[in-house]
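Only one structure is covered here, and it is reproduced in the block below.
The values are calculated or read from the model by the stated rules, or taken from the named source; none is laboratory data. No experiment lies behind these values; they were computed from the predicted model shown. Cβ atoms come from the backbone with ideal geometry, glycine included; neighbour counts cover every protein chain shown. Protein only, heavy atoms only, side chains kept; ligands, DNA and RNA dropped before computing areas. Shrake-Rupley method; radii C 1.70, N 1.55, O 1.52, S 1.80 Å.
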Amino acid sequence: MRTVRTSLWIDPIYDRLMQAEPGIDLKVMDVKGPADQAWALLAQAHVYQIAATKDDLPKPFFAHAELIERCPGLLVVSSNGAGFDTVDANACTEAGILVVNQSGGNARSVAEHTFGLMLGLSRRMIECDRKMHRTTQLTREEVMGHEITGKTLGLVGIGQVGRQVARIAHVFEMKVLACDPFVEPDEIRRRGAEPVDLDTLLAQSDVVSLHCPRDASTLRMMNAQRFAQMKRGAMFITTARGGIHDEQALAEALRSGHLSGAGLDVWDQEPPALDHPLLAMDQVYATFHTAGVTHEARRNVARMGAEQLIGYKNHLSLPPRCANPQAWPAHLERRKKILGF
């Protein structure tokens, strides 16, 4: 099984597991090297291990229709993370190519980061830190914050990450609401939240936290109208994906005082420009898409990715974290044509 991964960083356990498995030929494609060498490797690949974040990978190497056309032997596109922003899943499905991810591999790290942002904002730690770097002329009351204990937390999405966030929230005795069109109400309750619609969630939550995928249905979902629906003084947090919230609308909601703070791990452009209006605000806690970037999470995701591909090689069955299972019948035909079985 000819496998090509990008030269972008991945925990070494991936290479160790793949290289130790008989029948796997692993090559590394230098995304910053000569393009003809990269394409020569991809043209022979059965599996493409792709970077998950859109601003790390050069766009010609996104798994879109153009790349698929140049890779006649491609059978599986495997994301380095839970998301797959660099993959056109519809184009892959039409071609009979499976798209697999490592959903859940970094869920605990993202949940911890969510609460780091939440606590940093509610207790105004980030503002205090900035003031202490600038002046000694301040009083503690200037940066007096609030406890999160007993507050209402609204989760937009309660999948792998959202359920971990709900579990931590109960330690702080928070009331947890959740809106997720892909999860039945009874299952939302089992995951530790009260099911509500989005309008109710925005109106009642002291903290709104996004944990939903970026797709056509969620793009710019959090716009000026949605921010206006939130409680005055509420906080907005996202560790999901850039583009789900409108950055300019959020800046205005903060500037007007309607929202008290925002914790942002994801951006339209990553990293954002230094003159971005949100970065000029002391009530914004900004991180660089690092919620899932811990040693533990990266190792876990790399291990899961390798083990899933090894399982695919050894068993003629749908991989456990396949994002387009509807492609399976066409995939079997494509696999038979390419591999002969």
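A few remarks follow.
- Among the residues of this structure, Asn90 does not count as one that is open to solvent by 20 Å² or more (accessible area, probe 1.4 Å) and more than 19 Å from Leu318 (Cα to Cα).
- In region 319-341, residue most open to solvent (accessible area, probe 1.4 Å) [restricted to those that are part of a loop (DSSP other than H, G, I, E, B) and free of Cβ contacts under 8 Å to residues at least 12 places away in the same chain]: Phe341
- In region 170-198, the residues that are hydrophobic (A, V, I, L, M, F, W, C), more than 20 Å from the chain's Cα centre (by Cα) and surrounded by 15 or more Cβ atoms within 10 Å (Cβ to Cβ): Phe172, Met174, Val176, Leu177, Ile188, Ala193, Val196, Leu198
- Here Leu309 clears all of (1) assigned to a loop (DSSP other than H, G, I, E, B); (2) touching a residue at least 24 places away in the same chain (Cβ under 8 Å); (3) farther than 24 Å from Leu119 by Cβ except the condition numbered (1).
- Only one of the numbered conditions (1) under 24 Å from Pro329 (Cα atoms); (2) surrounded by fewer than 18 Cβ atoms within 10 Å (Cβ to Cβ); (3) free of Cβ contacts under 8 Å to residues at least 40 places away in the same chain is violated by Val77, and that is (2).
- Only one entry in Arg298, Arg241, Arg232 is open to solvent by 10 Å² or more (accessible area, probe 1.4 Å), without any contact (Cβ under 8 Å) to a residue 60 or more places away in the chain and basic (Lys, Arg), namely Arg232.
- Among the residues of region 94-111, those that are out of contact with any strand residue (DSSP E or B) (no Cβ under 8 Å at 6 or more places or on another chain), buried (at least 17 other Cβ atoms within 10 Å of the Cβ) and of a type outside the set (A, V, I, L, M) comprise Gly96, Ser103, Gly104, Gly105, Asn106, Arg108, Ser109.
- Only residues that are open to solvent by less than 20 Å² (accessible area, probe 1.4 Å) and not β-branched (Val, Ile, Thr) were counted in region 213-229, giving 2.
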